Amino acid sequence: MVVMVTPLCLLYWLLISTWWLMVSTSGMVWIPLTHSLSKTQFTTPHHLLKTTSTRSATRFRQHHHHRHKQVSVPLSPGSDYTLSFTLGSPSSSTISLYLDTGSDLVWLPCSPFECILCESKTPPLSPPLNLSSSATAVPCKSSACSAAHSSLHSSDLCAIARCPLDSIEMSECNSFPCPPFYYAYGDGSLIGRLYKDSLTLPNSLSVQNFTFGCSHTTLGEPVGVAGFGFGRLSLPAQLSSVSPQLGNRFSYCLVSHSFDSNRVRRPSPLILGRYEDKENQFGNELVEFVYTDMLSNPKHPYFYSVGLEGISVGKRNIPAPENLKRVDRRGSGGMVVDSGTTFTMLPASLYDSVVTEFDHRVSRFYKRANTVEESTGLSPCYFYNKVVAAKVPAIKLHFAGNRSSVVLPRKNYFYEFVDGSDGGRKKRNVGCLMLMNGGDEEELSGGPGATLGNYQQQGFEVVYDLEKRKVGFARRKCSSLWDSLKN
């Protein structure tokens, strides 16, 4: 058989080869993550903490009670991280989306766009997309269409798209687009269509035929989402189909902010790919990762679940309940490492034990701030004159695996602010524990047993190794890491 190579095919091959060479040489691509802090939306620290704690609880609990496949709550400003890229060729549009490791679809608002019940929501981060001339609809026969419709058979989808029976039987429905899909979140939803177009990352790295959802109508969701979870439509999965080096491994390092926009002068680096032997070679920083295995979740396959063995408060180790160490056949259990939830959520039994031990140590020195607990949704909180580090016990997370423990910096779990900053009360210093009660184990049946929130991940590089199915943690100076990557 003689294969004819047309000039167009040759050009395409040269472009792909050049792209591959660039990826192979660098071994990684980095993207800036922006923390969407907003001073105008939150009038007081109480308002900020109450809003954020409520949304964290909503996102976590909706994982257990929503009937649809995807449950992922993009949070309010003050807790979310966004990334940007461009879509389309030759004319392109810059799009900013929320980063979410708890869902597996990339979708964005498209013009004309209507968001129902969005008056109190975050304004869009970028204008709704006008599809470029290079965008094409995904056909009903494609596996991507089936993935967007919760693995519904492509023949059913083509029938919905009104493809004739004889064409369905002959697999000749490529001209019939994938029907609109419904995608549900914890406090909102959307209807969208699948398209393909070229995606260009900030490093001028271009990916052809990138699949994304285009939505003209949403309920309570004014901002699009870049899904990084397991699933064939997620951003890492689509990168992996072109370059396994980039798609099989990613990490981020969230700059510590304490809800203060003045502390976020540098972006948080999102790193796609990376050579194993380069992990300790950025700057003069000695970096040591601890790894724990990912757990498979048959009901929520897009989650990055890990096993939690226990939590230490000071020198006392509090064992985790058995459901946090594994995931059962119903999808119950494990701890989800999540970029989209702000505060860590724990099952009631473990939370109560941690709080009892924490309060036993701290209440000897500081008075409980009960009124602050009611207004923020966080507990326990304490009034203090001056925090002494020795009086706030250390907290350590013990993940499944040999020596897979992570010591949290105090600012990652004990938030200090001024109570009365609204002028209504005498100003007093307050500190609150930033772990939350996720509910009884019976309530958590069918979903994650706990969630590791992004606030507790600040100041760590968190690695998702999809090939080895491991999650790693290393203390980092994230702003310095960004500077090292640029240089």
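The values are calculated or read from the model by the stated rules, or taken from the named source; none is laboratory data. Model, not experiment: these values are computed from the prediction. Heads up, the Cβs are rebuilt from the backbone with ideal geometry, glycines too, and the neighbour counts pull from every protein chain shown. Accessible surface is based on the protein model in full, side chains and every heavy atom, while ligands, DNA and RNA are left aside. Shrake-Rupley method; radii C 1.70, N 1.55, O 1.52, S 1.80 Å.
For this structure, a couple of remarks:
- Looking only at the range 148-165, residues that are assigned to a helix (DSSP H, G or I) and open to solvent by 100 Å² or more (accessible area, probe 1.4 Å) come to 2 in all.
- Boolean, A137 is free of Cβ contacts under 8 Å to residues at least 60 places away in the same chain and closer than 21 Å to N209 by Cβ: yes
- For the range 425-471, taking the residues that are among the hydroxyl-bearing types (S, T, Y) and part of a loop (DSSP other than H, G, I, E, B), the one that is most open to solvent (accessible area, probe 1.4 Å) is identified as S445.
- Here Q238 does not fit the description of being modelled with pLDDT under 95, in a helix (DSSP H, G or I) and over 20 Å from the mean Cα position of the chain (by Cα).
- Leading residue by the ranking (modelled with the highest pLDDT) among those in the range 187-232 that are open to solvent by 40 Å² or more (accessible area, probe 1.4 Å) and of a type in the set (A, V, I, L, M, F, W, C): I191
Let's see how each residue does on (1) surrounded by fewer than 17 Cβ atoms within 10 Å (Cβ to Cβ); (2) not in a strand (DSSP E or B):
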position	(1), (2)
W107	no, no
S111	yes, no
E119	yes, yes
T122	no, yes
L125	no, yes
S133	yes, yes
K141	no, yes
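- Near pairs, Cβ below 9 angstrom, 6+ apart or cross-chain, from the range 329-355 (over 11 Å from I311 (Cβ atoms) and acidic (D, E)) to any residue that is assigned to a helix (DSSP H, G or I) and open to solvent by less than 10 Å² (accessible area, probe 1.4 Å): D338/R59; D338/F60
- Of all the residues in the range 242-257, those that are open to solvent by 10 Å² or more (accessible area, probe 1.4 Å) and either closer than 25 Å to L190 by Cβ or touching a strand residue (DSSP E or B) at 6+ places or on another chain (Cβ under 7 Å) (or both) number 4.
- The range 299-332, residues that are basic (K, R) and crowded, with 18+ Cβ neighbours inside 10 Å: K325
- Only a single item in (1) part of a loop (DSSP other than H, G, I, E, B); (2) without any contact (Cβ under 8 Å) to a residue 40 or more places away in the chain is not met by G401, and it is number (2).
- Failed item, numbered, when P180 is tested on (1) open to solvent by 50 Å² or more (accessible area, probe 1.4 Å); (2) at pLDDT below 95; (3) closer than 24 Å to I116 by Cβ: (2)
- Checked against the criterion of being farther than 24 Å from A137 by Cβ and not aromatic (F, W, Y), the candidates L235, L246 yield just one match: L246.
- Looking only at residues of the range 371-407 that are small (G, A, S) and farther than 21 Å from G438 by Cα, we find that the one that is most open to solvent (accessible area, probe 1.4 Å) is A390.
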